[in-house]
Amino acid sequence: MKIRKIGPDELHVGQLLPWDVYGDGGGLLARKGHLVADRCQLDSLTERGVYEDWSEALPQSRAPQSVLRLLNGAQLDLQRALQQIATGVPFGNTQGMLEQIAALVTSALRLNADVAVASLLHSRSSVPYSVRHSVDTAVVAQLMALALKKPDDDVQTITLAALTMNVGMLGVHDRLQASGAPLGEADRHVVRFHPQAGVVLLRQAGIEHPGWLACVLAHHENEDGTGYPGGKTGPYVPESAKLVALADRYCARLAPRRYRNSMTPNAALRDLLLDARNTLDSLLPAVLIRELGIYPIGTCVRLLNGEVGVVSRKGLNATTPWVTSLLGPSGAPLPQPLQRDTRTAPGAIREVLEVGALGQAGLQLHMEQVWGRAAAL
């Protein structure tokens, strides 16, 4: 560990402190997470402040972790695991491998659930959509399971089922996602029976956990019996499968497709509430909204003062989150990100924008810029 002087470009007005800041005599000046409110405070901290730098002193395993690194690692490992399972050829300890991937998702949520939720919208990943979608679904499904205070074993089962729910159509999932054409008869058959195919493949890979397999089999069943592959009605569908189904639908709505733009998070939540009239358990979308808020973390918004930014953390209630402004009223990038409390009129949310709004304005969002080390690549 080294004691370092704060550099001239390490802090900015509107930033949350990434470390505790001490004076020359060792006294604490400001705690990690403190908001640098104005230029006067910034000048005082940079003139007098020092901080503890552990990056070189700690072994890699003890260095500060990043939610994005954990989730990216989960995606890369899952890509290899699913490709192997899809061959139908048994290999090694498949269940142990998948449990390690589930543990990465769990670690990411424990480290910073806000960053994990924001990554659904803003993380850039090179893995195929089918793999990315499965990890995203596992994040949301686990978040809901925790909100419902499910036992640890159930949380684990739900996470594993979300990660493997689409292995039965792995070969066609990415092609269908990118296609703007109606499904042909062969593709409709693959889609309709991929839950059963997935269970067969998981069994061939040595997975015999009954709850896990039942969840994969039933994750496309509907409350009114219109789902597939069994046409089961609500009482006969495991609650674990209902959680995975809701997370699956939410994440699918956030993803752009060739024939439609992605939905904004609040529109996706509203759409799921409408679905709950027939196809979804009517209570679960309300749980998801309660957990994510009306404006989920990562949502792009325009404020009453004309600034554009992203929802960066929850507020005192679901309708007034904190926003990090990145573009000024003129549409030009701000010199530094600014924290805005949406409870007050100038900073109140005027409208929700599509995720690509920042990019259209010429700004490439780096998640670390908004959420700090927990969002480092």
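For this structure, a couple of remarks:
- Close pairs from the stretch 89-103: first in contact (Cβ under 8 Å) with a residue 24 or more places away in the chain, partner in a loop (DSSP other than H, G, I, E, B) and not aliphatic (A, V, I, L, M), Cβ under 7 Å, at least 6 apart: 90/206; 94/206; 95/206
- Unique match (being modelled with pLDDT of 95 or more and surrounded by fewer than 20 Cβ atoms within 10 Å (Cβ to Cβ)) among 236, 250: 236
- First in the stretch 109-136 and not assigned by TED's automatic domain parsing to the domain that holds residue 79 and assigned to a helix (DSSP H, G or I), second anywhere and buried (at least 23 other Cβ atoms within 10 Å of the Cβ) and not polar (S, T, N, Q), Cβ under 7 Å, 6 or more apart: none
- Enumeration of residues in the stretch 356-369 that are of a type in the set (A, V, I, L, M) and under 15 Å from the mean Cα position of the chain (by Cα): 367
- Filter result for residue 325 (farther than 22 Å from residue 248 by Cβ, surrounded by 16 or more Cβ atoms within 10 Å (Cβ to Cβ), in contact with a Gly (Cβ under 7 Å, 6 or more places away or on another chain) and among the small types (Gly, Ala, Ser)): yes
- In the stretch 222-238, the residues that are in contact with a helix residue (DSSP H, G or I) (Cβ under 6 Å, 6 or more places away or on another chain) and either part of a strand (DSSP E or B) or under 10 Å from residue 279 (Cβ atoms) (or both): 223
- Single unsatisfied condition, residue 275 versus (1) modelled with pLDDT of 95 or more; (2) under 23 Å from residue 142 (Cα atoms): (1)
- Candidates in the stretch 31-50 are the residues that are more than 16 Å from residue 338 (Cα to Cα) and modelled with pLDDT of 80 or more; of these, the one that is surrounded by the fewest Cβ atoms within 10 Å (Cβ to Cβ) is 47.
The values are calculated or read from the model by the stated rules, or taken from the named source; none is laboratory data. On a predicted model such as this, the values are computed, not experimentally measured, just so you know. All Cβ positions, even for glycine, are placed from backbone atoms using ideal geometry, and neighbour counts span all protein chains on display.
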